[in-house]
1. So, with +1 on the Cβ of K and R and -1 on the Cβ of D and E, and no other charges, what is the size of the charge dipole of the chain about its Cα centre, to the nearest 20 debye?
2. Given a Förster distance of 22 Å, report the FRET efficiency between Gln23 and Glu121 from their Cβ-Cβ distance, rounded to the nearest 0.05.
3. Excluding same-chain residues fewer than 8 positions from Lys82, which lysines have a Cα within less than 17 Å of its Cα?
4. Taking the full set of protein chains and a 1.4 angstrom probe, give the accessible area of Ser79 in square angstrom, rounded to the nearest 10.
5. Per residue of segment 96-106, in order, report the coupling 6.51 cos²θ - 1.76 cosθ + 1.60 (Karplus, θ = phi - 60°) as ³J(HN,Hα) in whole Hz, putting x for Gly and Pro.
6. Spelling out what I want: for every residue of segment 54-62, take phi, set θ = phi - 60°, compute 6.51 cos²θ - 1.76 cosθ + 1.60 (Karplus), and round to whole Hz; glycine and proline get x.
7. Taking K and R as +1 and D and E as -1, what net charge do the other residues with C-beta under 14 Å from the C-beta of Ile107 add up to?
8. Distances over 19 Å make up what percent of all Cα-Cα pairs in segment 59-114?
Amino acid sequence: TFGGPMKKAKIFVIEDSPDTVLQLRIYLNKSFNCDLTFAHSGDDAIEILKKEYAFDVIICDFMMSPCTGLDVLNFIKDSGIKIPFILYSSHARDLQSYKSETCRAVIDKMKVDDLTKLVGEIIGQEEKAW
């Protein structure tokens, strides 16, 4: 309904660093009306994505072991999953070639503002002031 409560965005974060998980949990919850799902490895992410497609956006680390962000991205491509995907990495400068129809952007972990700006555009929400 127009002017009614905003639909909660479902954001899937794939990240193995506890510090980055905490940072994203704070930034995304403070910026948006959202439900966050976390996977702490590429393998876990793929298992979740085999069952759950209802995410509005996926934010994925690149350097994870044994299964990397590229493995997750390839799984999404091969499965025909049409969820906007963002690689979020300390090596963003070297990973720009991964941008594609599936991978919407590659954003540096030092630029969380760039990440929240893009997530807001994808999910159709203005960032809340905090």
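1. That gives a dipole near 400 debye.
2. Taking R0 as 22 Å, the efficiency between Gln23 and Glu121 is 0.65.
3. Counting by Cα, and skipping residues close in sequence, Lys82 has these lysines nearby: Lys10, Lys50, Lys51, Lys99.
4. Rounded to the nearest 10, the figure is 60 Å².
5. 4, 5, 7, 4, 7, 4, 7, 8, 5, 7, 10
6. 8, 7, 8, 7, 10, 10, 10, 5, 9
7. Net charge around Ile107: -1.
8. Above the 19 Å cut-off, segment 59-114 has 21 percent of its Cα pairs.
The values are calculated or read from the model by the stated rules, or taken from the named source; none is laboratory data. Keep in mind the model is a prediction, meaning the values are calculated, not measured. As a convention, Cβ positions derive from the backbone with ideal geometry for all residues, glycine included, and neighbour counts pool all protein chains shown. Just so you know, the surface numbers come from the protein's heavy atoms only, side chains and all, with ligands and any DNA or RNA stripped out. Shrake-Rupley method; radii C 1.70, N 1.55, O 1.52, S 1.80 Å.
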